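What follows is a single structure, written as structure tokens, with notes after it.
The values are calculated or read from the model by the stated rules, or taken from the named source; none is laboratory data. Since we're looking at a predicted model, the values are computed, not measured. Note that we place each Cβ from the backbone using ideal geometry, even for glycine, and neighbour counts take in every protein chain shown. Quick note on the areas: whole protein, heavy atoms, side chains included, nothing else; ligands and nucleic acids left out. Shrake-Rupley method; radii C 1.70, N 1.55, O 1.52, S 1.80 Å.
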Amino acid sequence: MAGKRNRTVSSSAASAAFGLWLYSSGIPRHQFYHVMPSAAEAFRRGYARSSREPVPAPLLPPLNGRVSVIVSACNEASSIPMVLRELKRLPFHEIIVVENGSQDHTYAAARSFEGVIVAHIPDRLGHDVARAMGAKMSTGDIILFMDGDMPVSAEKLSSYLVAADRGVDVALNDIMPLLPAFERQDEVTRCKTFLNRMMGRDDLEANSLTAVPHAMTRHAMERIGYGNLAVPPMAQSLAIRQGLRIEAVQTVDVLSMNRRRKTNRGKDNPVARLIIGDHVEALGETMKDLGARLQWGQVSRTELALRRNSL
């Protein structure tokens, strides 16, 4: 017990020291969360050498809020243990797996992890609806959203937790470094960019709540509405209209990790059509509230066309 207690004290002291260093480091804001995991590892190793005490990875600064994670899973028996093992390395208040429509042993695989809450739903809801249900069940101040087929290192996930803890209402996966030039992007990517630009958030480019992992504060979810989380572009447009702080904080290569299925292969596949339809719905609802020209009512038709064509 004494050894475990000493390790806990050492980890807490390392976390506090790292927090003091990190927030006074002068790292530029646009790089802060991207470089944090590598900075944390370098600090952890140095602290362990100087203190001669083990400091487990990943090292995070102290978090003020409790953190929940929602994992949507359907037929992920082979991958969800890897996902949960990484999540167990982080200081989560609760881990909730929303297992829906599985025909394999996903439920048993998730239940085998101590302390994991598993919501079993016999019908297949889809990832977005499952995430919305999990968010409503959760009790944390910060909620991280994951899929059961995409193991992501705890080090990378830490950026999303720290960002939300420091006031980023919606912390997105920065997929831009993974994308080709515009002329080679698919229709889904262009829809994401178009929605952000029409909402006045050119800086977000194609980054969207459609991609995991992402994190949100409880405040953000209550402003957006839990039901609207089931349509990610709708949630994104509402977050922008509510003036919430939205940033792309870390790059996780979900494009190469995304499991290939019959429904997401090829041009004009069912998943692509669903996502494009969600963007059309989000724009339509926004236009009902703000008018057909959104916030561009005072912009001339020529200027609006130039902006649209700048895509």
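Observations, loosely collected:
- With respect to the conditions (1) without any contact (Cβ under 8 Å) to a residue 12 or more places away in the chain; (2) on the phi > 0 side of the Ramachandran plot; (3) of a type in the set (Asp, Glu), Glu205 falls short on a single one, namely (1).
- Flag: Arg45 matches the condition of being over 16 Å from Ser159 (Cα atoms), surrounded by 13 or more Cβ atoms within 10 Å (Cβ to Cβ) and among the basic types (Lys, Arg).
- His93 vs. criteria open to solvent by 60 Å² or more (accessible area, probe 1.4 Å), under 30 Å from His127 (Cα atoms) and not assigned by the TED database to the domain that holds Arg131: no
- Restricting attention to segment 96-139 and to residues that are hydroxyl-bearing (Ser, Thr, Tyr) and under 20 Å from Met216 (Cα atoms), the residue that is surrounded by the most Cβ atoms within 10 Å (Cβ to Cβ) turns out to be Ser138.
- Among residues of segment 163-194, those that are of a type in the set (D, E, K, R), touching a residue at least 60 places away in the same chain (Cβ under 8 Å) and in a helix (DSSP H, G or I), counted: 4
- Test: Asp147 is open to solvent by 20 Å² or more (accessible area, probe 1.4 Å), in contact (Cβ under 8 Å) with a residue 12 or more places away in the chain and under 13 Å from the mean Cα position of the chain (by Cα): no
- The set of residues in segment 195-223 being assigned to a helix (DSSP H, G or I) and either open to solvent by 10 Å² or more (accessible area, probe 1.4 Å) or within 19 Å of Met146 (Cα to Cα) (or both) consists of Arg197, Met198, Asp202, Asp203, Arg218, His219, Ala220, Met221, Glu222, Arg223.
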